[in-house]
Amino acid sequence: MLRHDLPQDVVVEILSRLPVKSLMRFNCVHKSWYALMRSHHFITKHHKFATSNNLGRGVVFKYRTSKGHLCVSLLSNDTLEVSRDVDLLSLFPDKIDGLHCIYGPYNGIFFLQGLYKGENVEDLVLWNPATRESKVLPEIKRSRRYDSGKKFCFKFGFGIDPNTNDYKVLRIVDFYGRQQLQFEVYNLCTDSWRVIDSSLSKLYNIYSPSFPSYLNGFHHWKAAEICMKARRKGKLFPEHGPTRLFIVSFDMSNEVFLETPLPTVPRAAGFIGQNIAVINDSVSLIVGYCDTRNLDINWFDIWVMSSEIGVERTWTKKFKVEGSGLAFGDRLLEIREDGLVLLHKNDGSLAVYDRKTQELRKFAKYGNQFYESVAVTYTETLAFMNGGRNLSE
């Protein structure tokens, strides 16, 4: 009745306000609806409405149990209760026993890299938790540069080219200073990889981000410029050493890199480390500290970068996350849009900390290996991936 009695534009308006789960059920109603829900215009309209009205939101939570088993759960955005558990390992074509990284979400899509016996594997997957669709990325043909018989490692970036609305994955191959970094780009629209040129120095070490790091067409990493002498001694991660730290930003449209210096932050006793993150639509730096005399006291300084990427002196110390609710060893998972801080406490419990009232609310316990935990808020999307397969109920 709805399809025949209402104008098409009204039908589109009604459908664009429904949750993804309902729309997936309507796929079989009529061929025109099936085509509509796969059109770029409708997917964009639906996602924009959900984002602007805070609808269809959830949390992907990865953790390990006390026995070391990997678990991934989808949580309610409001109550943080488990909506359903997800077996992400089954999405990979080869045997894996862990996830090395979860990137995203970007328009509701996540990028996953597998892990087997502590080693990175080359199985890569795109995943939409709302539609339960996944896509295994094709293998990358290795060039002769891989044939040295020596070790190398991968770093990744993931995002959307705003000019083409195409998803891209950037793989950075680090040969540990023996030769120039190699950069490989995957395009979803062509389902293929290609090697791109880059002016980045082979003496750069790029740090894999611990938080979502894509914003407005750029993916960001913390990087360090270190000397060959340090590399020969195996000092690849001189977090506390005398080296130049900065942000490397990859332009998804023009496929070029930009550099932005990091702010000079205090590195006195109690300095834990720093991570790049996107917080409230701003590129930010999270700097962790603890009181060396009282490990129950822990805090984070949040620095925010202006929107002018590549320009010096663009950082502002925005706020501090502190209070009696924070203790040494707590893992900061997310600073949410409403100002609440999501934590995985050192006792294994998931908690929300209000930095204004300093109130701490604890929820269920999820293992005790909190140092590996990841939690990311996402908004459901209808975005489909070419030839993807659905994750079964």
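The values are calculated or read from the model by the stated rules, or taken from the named source; none is laboratory data. Remember, it's a predicted structure, so these values are computed and weren't measured experimentally. Virtual Cβ from ideal backbone geometry, glycine too; neighbours counted across all protein chains shown. When the accessible area is computed, the model is the full protein with side chains, heavy atoms only, and any ligands, DNA or RNA have been set aside. Shrake-Rupley method; radii C 1.70, N 1.55, O 1.52, S 1.80 Å.
Residues in region 258-282 that are of a type in the set (Ser, Thr, Tyr) and closer than 30 Å to ARG293 by Cα: THR264 alone. Across region 178-187, a minimum of one residue is classified as open to solvent by 10 Å² or more (accessible area, probe 1.4 Å), at pLDDT 90 or above and in contact with a Lys or Arg (Cβ under 7 Å, 6 or more places away or on another chain). Restricting the search to helices (runs of 4 or more DSSP H) fully inside region 15-96 and requiring at least 3 residues that are of a type in the set (A, V, I, L, M, F, W, C) and either open to solvent by less than 20 Å² (accessible area, probe 1.4 Å) or modelled with pLDDT of 90 or more (or both) gives 40-52.
For the subset of region 254-263 comprising residues that are in a loop (DSSP other than H, G, I, E, B) and surrounded by 15 or more Cβ atoms within 10 Å (Cβ to Cβ), which member is farthest from the chain's Cα centre (by Cα)? Taking the candidates together, the pick is PRO263. Considering GLY104, GLY68, the condition of being closer than 19 Å to SER349 by Cβ and touching a residue at least 40 places away in the same chain (Cβ under 8 Å) is satisfied by GLY68 alone.
For region 347-377, filtering for residues that are outside any strand (DSSP E or B), open to solvent by less than 70 Å² (accessible area, probe 1.4 Å) and either in contact with a helix residue (DSSP H, G or I) (Cβ under 7 Å, 6 or more places away or on another chain) or in contact (Cβ under 8 Å) with a residue 60 or more places away in the chain (or both) leaves 7.
The residue pairs whose first member lies in region 247-264 and is within 14 Å of TYR204 (Cβ to Cβ), whose second member is open to solvent by less than 50 Å² (accessible area, probe 1.4 Å) and among the basic types (Lys, Arg), and whose beta carbons are closer than 7 Å, counting only pairs six or more residues apart or on different chains, are ILE247/LYS222. Can you name the residue in region 163-177 that is outside any strand (DSSP E or B) and either in contact with an Asp or Glu (Cβ under 9 Å, 6 or more places away or on another chain) or modelled with pLDDT of 90 or more (or both) and, of all such residues, is nearest to ARG244 (Cα to Cα)? By that ranking, first place goes to ASN163.
Among the residues of region 188-233, those that are at pLDDT 85 or above, on the phi < 0 side of the Ramachandran plot and open to solvent by 70 Å² or more (accessible area, probe 1.4 Å) comprise CYS189, THR190, ARG194, VAL195. One residue stands out in region 299-318 among those that are among the hydrophobic types (A, V, I, L, M, F, W, C) and either over 28 Å from ASP251 (Cα atoms) or modelled with pLDDT under 75 (or both): the one that is surrounded by the most Cβ atoms within 10 Å (Cβ to Cβ), namely PHE300.
Conditions tested, residue by residue: (1) of a type in the set (Gly, Ala, Ser); (2) under 19 Å from ARG171 (Cβ atoms).
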{"position": "MET37", "(1), (2)": "no, no"}
{"position": "HIS40", "(1), (2)": "no, no"}
{"position": "ALA50", "(1), (2)": "yes, no"}
{"position": "LEU55", "(1), (2)": "no, no"}
{"position": "VAL60", "(1), (2)": "no, no"}
{"position": "SER83", "(1), (2)": "yes, no"}
{"position": "GLY104", "(1), (2)": "yes, yes"}
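Sort out which residues of region 73-105 are of a type outside the set (A, V, I, L, M) and within 16 Å of VAL374 (Cα to Cα), and write them in order of number.
Let us first name the residues in region 73-105 that are of a type outside the set (A, V, I, L, M), namely 73, 76-79, 81, 83-85, 87, 90, 92-95, 97-98, 100-101, 103-105.
Hits for region 73-105 are SER73, SER76, ASN77, GLU81, ASP85, ASP87, GLY98, HIS100, CYS101, TYR103, GLY104, PRO105.
Restricted to region 264-298, and to residues that are open to solvent by 20 Å² or more (accessible area, probe 1.4 Å) and at pLDDT 85 or above, which residue is nearest to GLU225 (Cα to Cα)? Result: ASN275. With respect to (1) farther than 20 Å from TYR186 by Cβ; (2) modelled with pLDDT of 80 or more; (3) open to solvent by 30 Å² or more (accessible area, probe 1.4 Å), the lone exception for PRO129 is condition (3).
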